[in-house]
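Here is the structure we will look at, set down as structure tokens.
The values are calculated or read from the model by the stated rules, or taken from the named source; none is laboratory data. None of the values given here were measured: they were computed from a predicted structure. All Cβ positions, glycine included, derive from the backbone under ideal geometry; neighbour counts span all protein chains shown. Accessible surface areas use protein heavy atoms only, side chains included; no ligands, DNA or RNA. Shrake-Rupley method; radii C 1.70, N 1.55, O 1.52, S 1.80 Å.
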Amino acid sequence: MFEDLKGKTALVTGASGGLGRHFAQVLARAGAEVAVAGRRARAIEETCVQVRAAGGQARPVILDVTDAAQVAAAFSGGGFDIVINNAGIALDGPALTTTAEDWSRVIDTDLSGVFRVAQAAAQAMVGAGKGGSIVNIASIAGLRVAGNLAAYAAAKAGVVHLTKACALEWARHGIRVNALCPGYIETDLNRAFFASEAGRALIRRVPQRRLGQPSDLDGALLLLASDASSFMTGTEIVADGGHLVSSL
Ligand code: NDP
């Protein structure tokens, strides 16, 4: 049940690399026809090549989530059954010196970008009269704070609450909206940091004493994307090796 997405269409934002590329592969492996969305044409084509090499179906969609016209264009063909709102940027730095430009960039991508895509996805689903599943990739930083992450944590907390607000309004249309909150997951972007002493110290504070791998999110992703979660909406699932319950 979890793994049968045959006949479903899915869109994954930020699928040029990292978790987005992995999510596209997982959904395609489960049988979905995947629209691989991102800003960089070559990188999303590379994701499509990898999906097809594994026997899946994929097509590239140029999509910058901060560009309303590109978001509208991505949904102009009728929409998708499953939408994974994965695109995001991180910003590391003290709140005291965060510039207005950096603040706006993070909020515009990580929070407003999620709303833009979710709204367009839901409008298309309502138009098609068939409902669907929207999965917003938030973070444990949306549920608890850490130093030097004010803009990112505020945006991700906004995503968690936006998820609930949209779930409430769109349930009547058969649209489910849920959030997935990963803890620290090893990707190309953070591998060097987690190999450093500071990174290893951070991992020691995670109850499971390890970093997550992208595949650690597969179960939660497939649960929320598929009809296996047909009575779940407005929830968040945490996959973090116990980091949120680390000892005070
Ligand atoms: P990456 O930086 O590897 O990937 C981020 C993706 O988002 C890239 O494909 C990037 O595209 C894309 N992106 C950024 N801005 C935009 C934009 N304006 N429009 C479209 N796409 C955009 O990070 P991860 O894979 O690690 O993170 C993916 C998601 O998971 C993010 O939302 C992140 O906050 C969340 N997350 C990650 C965790 C982790 O430990 N890795 C933990 C918790 C949450 P481009 O190639 O064009 O830059």
Note to self: Can you tell me which aspartates and glutamates have their Cα less than 13 Å from the Cα of K164? Leave out same-chain residues fewer than eight positions away.
What the structure shows: E236
Item checked: Cα centre as origin, Lys/Arg/Asp/Glu Cβ charges: the range 120-248 dipole, Debye -> 240
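Where in the chain are the DSSP H helices whose alpha-carbon span along the long axis reaches 27 Å or more and whose Kyte-Doolittle mean is at least -0.5?
Correct list, ordered by number: 150-170.
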Note to self: 7 Å from Cα along Cα→Cβ at both F231 and A72: what's the point-to-point distance in nm?
What the structure shows: 4.1
Checklist line | Karplus-derived 3J(HN,Hα), 6.51/-1.76/1.60, for each residue of the range 7-17, Hz, glycine and proline x | finding: x, 9, 10, 9, 10, 10, 8, x, 9, 7, x
Margin query: What distance in nm lies between label points placed 7 Å from Cα along the C-beta direction at H173 and R59?
Written below: 2.2
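Give me D for the range 33-166 in µm² s⁻¹, whole number, from Stokes-Einstein with Rh from the Kirkwood sum over alpha-carbon pairs, 4 °C and 1.567 mPa s.
The estimated diffusion coefficient comes to 82 µm²/s.
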Notebook entry, point to check: Given only helices, namely DSSP H runs of n ≥ 4 each adding -39500 (n - 2.57), what is the per-residue ellipticity at 222 nm of the chain, to the nearest 500 deg cm²/dmol?
Noted result: -12000 deg cm²/dmol
Check: Top mean-square fluctuation among N85, N178, N190, Gaussian network model of the chain, C-alpha springs under 10 Å?
Finding: N190
Note to self: Ratio of alpha-carbon Rg to the 2.2 N^0.38 Å globular estimate for the chain, to two decimals, please.
What the structure shows: 0.97
Next item on the list: Towards the positive end of the charge dipole of the range 178-248, with charges on Cβ (+1 Lys, Arg; -1 Asp, Glu), say which of A201, V238, G219 has the farthest Cα.
Entry: A201
Margin query: Can you give me the accessible area per residue for the chain, using a 1.4 Å probe, in Å²?
Written below: 48
Next item on the list: Distance between Cα centroids, the range 102-117 to the range 234-248: provide it in whole Å.
Entry: 24
Check: So how far, in whole Å, is the C-alpha centre of the range 124-199 from the one of the range 6-45?
Finding: 17
Item checked: Relative contact order %, the range 71-141, counting alpha carbon pairs below 8 Å whose residues are six or more apart -> 54
Next item on the list: List the residues whose amide H sits under 5 Å from the amide H of A179, counting only those 5 or more places along or on another chain, with H placed 1.01 Å from N in the peptide plane.
Entry: N136, T235, E236, I237
Checklist line | R204-R144 pseudo-label distance in nm [points 7 Å out on the Cα-to-Cβ vector] | finding: 1.8
Next item on the list: Could you list which residues have their amide H under 5 Å from that of I185, counting only those 5 or more apart in sequence or on another chain, with H placed in the peptide plane?
Entry: G212
Note to self: Assuming 0.36 nm per residue, please report the length gained on full extension of the stretch S104 to E45 beyond their Cα-Cα distance.
What the structure shows: 18.3 nm
